[in-house]
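Encoded as structure tokens, the structure appears first; notes follow it.
The values are calculated or read from the model by the stated rules, or taken from the named source; none is laboratory data. Computed from a prediction, not measured in an experiment: that's the story for all the values here. Every residue, glycine among them, receives a Cβ derived from its backbone with ideal geometry; neighbour counts consider all protein chains shown.
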Amino acid sequence: MPAGEVAVVGGGLIGLFSAHELVERGYAVTVLEAGSGLGGGAARVNGGWVCPARSDPLPSRDVVRDGIRSLVSPGSGSFLLSARALPRVAGYLTRFLASSGGRTFSRSWDELDLLNRRTAGLVDELVAAGIIDDLQDEGFLMLHPTREEAEASRASLLSVSRRGLCPAPEPILERRALLELEPGLGDAARFGFVHRGDRWLDPSRLVDRLGESLRSRGVRIVENTPVLAVRQRGTQVELATRSGVVETGHAVIAAGAWAEQLLRPLGIRGYVTPGKGYSFTIHPEHPPTHVLRLGDTHVGVTPMGSRTRVVGMVELDGTPEGLRAGRIDVMKRKAAPYLTGVDWDASTDERVGPRPMTPDGKPLIGCAPGADRVVVATGHNMLGLSLAAPTASLVADLVEHGSAASVSAFDPMRFTRRRR
């Protein structure tokens, strides 16, 4: 097959955005998806937030504290660890702890902004092209039970605004003014404020529209085809599948939470670990018109047309799949004081999706060692939708120019070299 052909491994957000950008640059693209449809993993079940202003890396002292606390009290915090899974995730957690210090956290955030600063413009291009048709920007409504908590939250976002990715948050409102914005708020929503700059959409609709757009432009999408191994041989790349070997000019590994099994044989220890996120749909009497962030519960509520989605949690139990109903119950208990007119027992579409977590909160984007025709693009943690468009642009640069286009901050070999 000619060098102008690229196989993208994975039909999630990173894979689909990468396929879109590669087609735009004139490549013939095949998407190989392990599942029975596009958008497996976390692509369809996330909060739908395009949020460069909220793209700080996960490893921090607060998250470490939540994880330790969850071992003693499983219903607390938002970063949940399973004691049984500790041996399986020990390598990830060791490096996670090392990345949670103040200087490392700040450096990682600065490096993530290398991608974040391009998000808004690239997403606007997709809107102009008609691929994204439901982007909302009414603002995020930050809700808190006390003025003190609201002031601390606003001060934090004011500091974030100085990074240049969002405007300053609006003034704090008391309950009467909040109810004018959102009549369905519960008693816990005593103080709050609107923060603009981040936007949202229905991620499942986005997956469908990307798939339709790619097919209409000649992209071959092959489902139910897990890729078992990727290797470069001269100017060709071979992808082993159960039905045979696929040969192509370049390959992009965008396999999300399942990427590690393809990276290790290439000499990359990325420590990509599944972090399970939960979501479900509620049917409020007064559906919200803003994204709602519910105090320090780490639970968010997103309006998606006729649906209202509740999202939250990162669970590390060593597996990419398997919904635990108790996690949904915890989210409901945390969210209930902030909303009225909701029959929590009537929730629908309860889902879990594995996010591809890395120890330092940054994705792995770059060429495989000694294999410039194999591009790695995974490990986007909880930021896949926000970082998908700029990641796709970098992926296309790497396909065109090889390792000369690499950005050291996202080097897939960074943990492998430290280990050695």
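So Ala229 fits all but one of (1) out of contact with any helix residue (DSSP H, G or I) (no Cβ under 9 Å at 6 or more places or on another chain); (2) free of Cβ contacts under 8 Å to residues at least 60 places away in the same chain; (3) not β-branched (Val, Ile, Thr); what number is the exception?
If we test Ala229 against (1) out of contact with any helix residue (DSSP H, G or I) (no Cβ under 9 Å at 6 or more places or on another chain); (2) free of Cβ contacts under 8 Å to residues at least 60 places away in the same chain; (3) not β-branched (Val, Ile, Thr), just (1) comes out false.
State the number of residues belonging to region 298-333 that are within 19 Å of the chain's Cα centre (by Cα) and assigned to a loop (DSSP other than H, G, I, E, B).
Qualifying residue count, region 298-333: 8.
Exactly one of (1) surrounded by 15 or more Cβ atoms within 10 Å (Cβ to Cβ); (2) touching a residue at least 60 places away in the same chain (Cβ under 8 Å); (3) not assigned by TED's automatic domain parsing to the domain that holds Gly26 is unmet by Gly192. Its number?
So Gly192 meets the others, but not (2).
Applying the selection to region 240-272, what residues are more than 26 Å from Leu387 (Cα to Cα), in contact (Cβ under 8 Å) with a residue 40 or more places away in the chain and not β-branched (Val, Ile, Thr)?
Glu247
Does Leu86 satisfy the condition of being free of Cβ contacts under 8 Å to residues at least 12 places away in the same chain and either under 19 Å from Val299 (Cβ atoms) or outside any loop (DSSP other than H, G, I, E, B) (or both)? Before the answer, list the steps.
Working: free of Cβ contacts under 8 Å to residues at least 12 places away in the same chain: yes; either under 19 Å from Val299 (Cβ atoms) or outside any loop (DSSP other than H, G, I, E, B) (or both): yes.
So Leu86 fits the description; yes.
Please work out which one of (1) closer than 21 Å to Arg69 by Cα; (2) buried (at least 17 other Cβ atoms within 10 Å of the Cβ) is the condition Asp329 fails and give its number.
Checking Asp329 against (1) closer than 21 Å to Arg69 by Cα; (2) buried (at least 17 other Cβ atoms within 10 Å of the Cβ), the one that fails is (2).
Can you pull out the residues in region 360-404 that are assigned to a helix (DSSP H, G or I) and under 23 Å from Gly275 (Cα atoms)? It would help to see each step written out before you state the result.
Taking region 360-404 as the starting set, the residues that turn out to be assigned to a helix (DSSP H, G or I) are 384-404.
Once the filter is applied, which keeps residues that are assigned to a helix (DSSP H, G or I) and under 23 Å from Gly275 (Cα atoms), region 360-404 yields Gly384, Leu385, Ser386, Leu387, Ala388, Ala389, Pro390, Thr391, Ala392.
Looking for something in contact with a strand residue (DSSP E or B) (Cβ under 9 Å, 6 or more places away or on another chain) and either of a type in the set (D, E, K, R) or touching a residue at least 60 places away in the same chain (Cβ under 8 Å) (or both) - is there at least one such residue anywhere in region 102-119?
yes
Just checking, how many residues over region 6-50 are over 21 Å from Asn224 (Cβ atoms) and not aromatic (Phe, Trp, Tyr)?
Narrowing region 6-50 to residues over 21 Å from Asn224 (Cβ atoms): 17, 20-28, 46-50.
Those still in the list that are not aromatic (Phe, Trp, Tyr) too: 20-26, 28, 46-48, 50.
So the answer is 12.
Would region 31-41 turn up any residue that is buried (at least 20 other Cβ atoms within 10 Å of the Cβ), part of a helix (DSSP H, G or I), in the same structural domain as Ile253 (by TED's automatic domain parsing) and not small (Gly, Ala, Ser)?
Within region 31-41, none of the residues are buried (at least 20 other Cβ atoms within 10 Å of the Cβ), part of a helix (DSSP H, G or I), in the same structural domain as Ile253 (by TED's automatic domain parsing) and not small (Gly, Ala, Ser).
Quickly run through region 235-253 and pick out the residues that are closer than 25 Å to Gly39 by Cβ, out of contact with any Phe, Trp or Tyr (no Cβ under 9 Å at 6 or more places or on another chain) and either in a loop (DSSP other than H, G, I, E, B) or of a type outside the set (Gly, Ala, Ser) (or both).
Taking region 235-253 and keeping what is closer than 25 Å to Gly39 by Cβ, we get 237, 239-243, 246, 248, 250-253.
Now restrict to residues that are out of contact with any Phe, Trp or Tyr (no Cβ under 9 Å at 6 or more places or on another chain): 237, 239-243, 246, 248, 251-253.
Passing the criteria: Val237, Leu239, Thr241, Arg242, Ser243, Val246, Thr248, Val252, Ile253.
Of the residues that sit in region 108-158 and are polar (S, T, N, Q) and either outside the structural domain of Val299 (by TED's automatic domain parsing) or over 30 Å from Asp360 (Cβ atoms) (or both), which one is surrounded by the most Cβ atoms within 10 Å (Cβ to Cβ)? Give the steps one after another, and end with the answer.
At the first step, the residues of region 108-158 found to be polar (S, T, N, Q) are 108, 116, 119, 136, 146, 153, 156.
Imposing the further condition that a residue be either outside the structural domain of Val299 (by TED's automatic domain parsing) or over 30 Å from Asp360 (Cβ atoms) (or both) reduces the set to 108, 116, 119, 136, 146.
Numbers: Ser108: 21, Asn116: 23, Thr119: 26, Gln136: 18, Thr146: 12.
Here the answer is Thr119.
Can you confirm whether region 371-380 contains a residue that is closer than 18 Å to Leu126 by Cβ, buried (at least 24 other Cβ atoms within 10 Å of the Cβ) and modelled with pLDDT of 95 or more? Quick ask: steps written out before the conclusion?
Here is the first cut: in region 371-380, the residues closer than 18 Å to Leu126 by Cβ are 377, 380.
Narrowing further to those that are buried (at least 24 other Cβ atoms within 10 Å of the Cβ): 377, 380.
After this cut, where a residue has to be modelled with pLDDT of 95 or more as well, the list is 377, 380.
Yes, some residue in region 371-380 is closer than 18 Å to Leu126 by Cβ, buried (at least 24 other Cβ atoms within 10 Å of the Cβ) and modelled with pLDDT of 95 or more.
Mind checking which pairs have a first residue in region 20-35 that is under 28 Å from Pro354 (Cβ atoms) and a second that is basic (Lys, Arg), Cβ under 9 Å, 6 or more apart or different chains?
Partner pairs satisfying both residue conditions: His20/Arg217; Val23/Arg217; Val29/Arg217; Val29/Arg220; Thr30/Arg220; Val31/Arg220.
Under 12 Å from the mean Cα position of the chain (by Cα), in a strand (DSSP E or B) and surrounded by fewer than 24 Cβ atoms within 10 Å (Cβ to Cβ) - does that describe any residue in region 345-354?
Within region 345-354, the first condition is being under 12 Å from the mean Cα position of the chain (by Cα), and the residues that meet it are 353-354.
When the remaining residues are screened for being in a strand (DSSP E or B), the result is 353-354.
Filter again for surrounded by fewer than 24 Cβ atoms within 10 Å (Cβ to Cβ), leaving 354.
The answer is yes, given that some residue of region 345-354 is under 12 Å from the mean Cα position of the chain (by Cα), in a strand (DSSP E or B) and surrounded by fewer than 24 Cβ atoms within 10 Å (Cβ to Cβ).
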